[in-house]
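Everything on this sheet refers to the single structure shown next.
Nothing in this text is a laboratory measurement; each read-out follows from the coordinates by a stated rule. Not measured: the values here are computed from a predicted model. Note: ideal-geometry Cβ built from the backbone for every residue, glycine included; neighbour counts use all protein chains shown.
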Amino acid sequence: MGMDKIEEVLHEAYNIGKYKEVLSMSKELGKEFPYLEMADLFEKAFNMVREETINDIKKKTITN
């Protein structure tokens, strides 16, 4: 189950152009949360990167 979830998360990250960012964030989170399951780690990283992206878009929209 875990590998399927990781693959799904990374595929979605690739689709939105944030694959490398999710990998990087998951590596950072792995240091902070060493006992978190890998699938949860990647999902958390994806959600954080997605939120950052949404916030960046909102900031650009507001300033333009």
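So the values come out like this:
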item: Within the range 40-64, tally of residues that are part of a helix (DSSP H, G or I) and over 11 Å from the mean Cα position of the chain (by Cα); result: 10
item: Where a residue in the range 35-64 is within 19 Å of residue 21 (Cα to Cα) and its partner, wherever it lies, is hydroxyl-bearing (Ser, Thr, Tyr), with Cβ under 7 Å and at least six apart; result: 41/26; 42/26; 45/26
item: Complete set of residues in the range 15-39 that are exposed (fewer than 12 other Cβ atoms within 10 Å of the Cβ) and assigned to a loop (DSSP other than H, G, I, E, B); result: 17, 34, 35
item: Some residue of the range 1-9 being part of a loop (DSSP other than H, G, I, E, B) and free of Cβ contacts under 8 Å to residues at least 40 places away in the same chain; result: yes
item: Residue 21 vs. criteria closer than 18 Å to residue 3 by Cβ and touching a residue at least 24 places away in the same chain (Cβ under 8 Å); result: no
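Residue by residue, here is whether (1) on the phi > 0 side of the Ramachandran plot; (2) touching a helix residue (DSSP H, G or I) at 6+ places or on another chain (Cβ under 9 Å); (3) β-branched (Val, Ile, Thr) holds:
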residue: 15; (1), (2), (3): no, no, no
residue: 26; (1), (2), (3): no, yes, no
residue: 29; (1), (2), (3): no, yes, no
residue: 34; (1), (2), (3): no, no, no
residue: 43; (1), (2), (3): no, yes, no
residue: 54; (1), (2), (3): no, no, yes
